[in-house]
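Undergrad: Please read through the structure below; I'll follow up with questions.
The values are calculated or read from the model by the stated rules, or taken from the named source; none is laboratory data. Not measured: the values here are computed from a predicted model. No Cβ is skipped: glycine too gets one built from the backbone with ideal geometry, and neighbour counts run over all protein chains shown. Side chains included, ligands, DNA and RNA excluded: accessible areas come from the protein's heavy atoms. Shrake-Rupley method; radii C 1.70, N 1.55, O 1.52, S 1.80 Å.
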Amino acid sequence: MTEDSRLVGLLLLPAFSQFGLAAVTEPLFVANWLSGRTLYRWQTLSLDGKAVRSSAGQKLPVDAGIGEASRFDLLLVLASFDVKRLTHDQSLKAWLRRVARHGATIGSIETASEVVAAAGLLDGLPVAVHWDNLQGFAESHPRCHAVSQLYTSTQDRLTCAGQSATLDMMLAWIARDADAALAAEVAAHLMLATWRRGDEPQPVPGAKAAVHADPALQRVVTVMEQHVEEPLPCRRIARRAGLSMRRMQRLFEKALGTTPVRHYQFIRLTKAHALLQQTDLSVTEIAVSAGFGSLEHFCRVYRRQFGCRPRDDRRQSVSAPVLRRSAR
């Protein structure tokens with residue numbers, strides 16, 4: 001241990017990502033190993049000091065509970081699934097605010113930004129949110145600016161969309177905290193050419209790649225996405241995009257293997273699915289927000305798509321219904 005070493009706290013919330021934990025600790029370890037000094041020390045934490053289970057099902061013992069420590073140079077909060085209930089944990093939010101008051105940089109990885117934002121520590125700041133959680137986060141935390149990029153670094157806050165972007169964020173942080181040359185050497189040992197900038201866009205999922213590849217199709221989908229709460233007739237959408245109805249139908253069949261009507265409904269169900277799992281809005285409010293004038297119709301369509309009623313899909317857990325990002 002050296003006097004100038006940095007202490008990094010790693011708060012592992014239930015169902016955290018093991019990949020995320022490795023993406024945090026491995027760059028720190030390699031930086032220590034290459035420099036021949038203990039630049040970084042880290043301490044794993046859980047809410048109660050007991051072992052915490054990851055999203056993959058493994059139980060990981062930790063060094064301490066959150067009540068036993070509150071002074072760090074950097075605190076990273078890691079979460080993945082089923083985090084919504086923790087946004088109401090008053091003792092956790094109070095502890096996070098106390099750590100921040102003691103001068104720590106607070107970093108949130110993947111859905112941990114939900115908890116950090118609920119504690120009021122991300123107000124007015126850009127927050128990198130995984131594309132799968134972007135709609136829910138924006139609805140639940142209007143005081144934050146949700147962005148579809150890899151990670152952010154502002155003031156004493158770090159946010160990361162998660163997964164491979166965690167490596168990029170850690171390498172960028174080591175470059176800023178210690179030395180850019182050391183960070184580049186760490187990246188090479190991790191078999192990475194370099195690290196991506198935080199403001200780089202996230203990879204687009206599923207059908208979106210095909211949509212972005214065709215400007216005409218992108219115009220149509222943009223109109224659809226702008227009119228979710230009050231859906232437009234497909235003929236009007238075609239006119240706004242400067243296409244004939246027949247041309248629009250051919251575009252969807254060729255690029256996505258579906259029809260405009262089905263894809264439009266898919267966009268609306270995507271929003272409903274996210275809001276159900278990621279917010280506390282009522283089922284009725286969500287049905288209206290997704291453009292369903294009839295609650296009965298919404299429930300019928302939702303059950304056909306996911307095999308359950310909307311009211312039974314209120315948790316973003318590992319066992320919850322999954323919306324595959326394909327319009328077929």
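Undergrad: Kindly list, by first and then second residue, each pair from a residue in the stretch 183-208 that is small (Gly, Ala, Ser) to a residue that is modelled with pLDDT under 95 and open to solvent by less than 60 Å² (accessible area, probe 1.4 Å), limited to pairs with Cβ atoms under 7 Å and residues at least 6 apart or on different chains.
TA: What qualifies is Gly206/Arg325; Gly206/Ser326; Ala207/Leu256; Ala207/Arg325; Ala207/Ser326; Ala207/Ala327.
Undergrad: Test Val318 against the criterion of being in a loop (DSSP other than H, G, I, E, B) and free of Cβ contacts under 8 Å to residues at least 24 places away in the same chain, and give yes or no.
TA: Taking the combined requirement at face value, the residue does not satisfy it.
Undergrad: Could you tell me how many of the residues in the stretch 287-309 are in contact with a Phe, Trp or Tyr (Cβ under 8 Å, 6 or more places away or on another chain) and either on the phi > 0 side of the Ramachandran plot or assigned to a helix (DSSP H, G or I) (or both)?
TA: Of the residues in that region, 3 qualify.
Undergrad: Restricting the search to the stretch 158-167, which residues are open to solvent by less than 10 Å² (accessible area, probe 1.4 Å) and assigned to a helix (DSSP H, G or I)?
TA: Ala165, Thr166
Undergrad: Still on this structure, please answer the following. Quick one: is Thr44 closer than 21 Å to Arg101 by Cα, open to solvent by less than 80 Å² (accessible area, probe 1.4 Å) and either assigned to a helix (DSSP H, G or I) or touching a residue at least 24 places away in the same chain (Cβ under 8 Å) (or both)?
TA: On the way: closer than 21 Å to Arg101 by Cα: yes; open to solvent by less than 80 Å² (accessible area, probe 1.4 Å): yes; either assigned to a helix (DSSP H, G or I) or touching a residue at least 24 places away in the same chain (Cβ under 8 Å) (or both): yes.
For Thr44, the condition - closer than 21 Å to Arg101 by Cα, open to solvent by less than 80 Å² (accessible area, probe 1.4 Å) and either assigned to a helix (DSSP H, G or I) or touching a residue at least 24 places away in the same chain (Cβ under 8 Å) (or both) - is met.
Undergrad: Between Leu192, Leu182, Leu121, Leu171, which is open to solvent by less than 50 Å² (accessible area, probe 1.4 Å) and outside any helix (DSSP H, G or I)? Step through it out loud before you land on a result.
TA: On the way: Leu192 fails: open to solvent by less than 50 Å² (accessible area, probe 1.4 Å); Leu182 fails: outside any helix (DSSP H, G or I); Leu171 fails: outside any helix (DSSP H, G or I).
Exactly one of Leu192, Leu182, Leu121, Leu171 is open to solvent by less than 50 Å² (accessible area, probe 1.4 Å) and outside any helix (DSSP H, G or I), namely Leu121.
Undergrad: Identify all residues within the stretch 129-142 that are in contact with an Asp or Glu (Cβ under 9 Å, 6 or more places away or on another chain), under 20 Å from Ser289 (Cα atoms) and not in a helix (DSSP H, G or I); write none if there are none.
TA: Asn133, His141 - these are the residues of the stretch 129-142 that are in contact with an Asp or Glu (Cβ under 9 Å, 6 or more places away or on another chain), under 20 Å from Ser289 (Cα atoms) and not in a helix (DSSP H, G or I).
Undergrad: If you don't mind, another one. Go through the stretch 1-41 residue by residue and tally those that are assigned to a helix (DSSP H, G or I), in contact with a helix residue (DSSP H, G or I) (Cβ under 7 Å, 6 or more places away or on another chain) and open to solvent by 30 Å² or more (accessible area, probe 1.4 Å).
TA: 2
Undergrad: Evaluate the following for His88: is it within 29 Å of Leu275 (Cα to Cα) and without any contact (Cβ under 8 Å) to a residue 60 or more places away in the chain?
TA: yes
Undergrad: Another one. With the requirement that a residue be part of a helix (DSSP H, G or I), among the β-branched types (Val, Ile, Thr) and open to solvent by less than 50 Å² (accessible area, probe 1.4 Å), what does the stretch 262-286 give you?
TA: Hits for the stretch 262-286 are Ile267, Thr270, Val283, Ile286.
Undergrad: Oh, and also: Restricting to the stretch 76-113, name every residue that is part of a strand (DSSP E or B) and hydrophobic (A, V, I, L, M, F, W, C).
TA: Leu76, Val77, Leu78, Ala79, Ile106, Ile109, listed by residue number.
Undergrad: Do we find a residue being under 22 Å from Phe81 (Cβ atoms), among the aliphatic types (A, V, I, L, M) and out of contact with any His (no Cβ under 9 Å at 6 or more places or on another chain) anywhere in the stretch 150-162?
TA: There is at least one residue in the stretch 150-162 that is under 22 Å from Phe81 (Cβ atoms), among the aliphatic types (A, V, I, L, M) and out of contact with any His (no Cβ under 9 Å at 6 or more places or on another chain).
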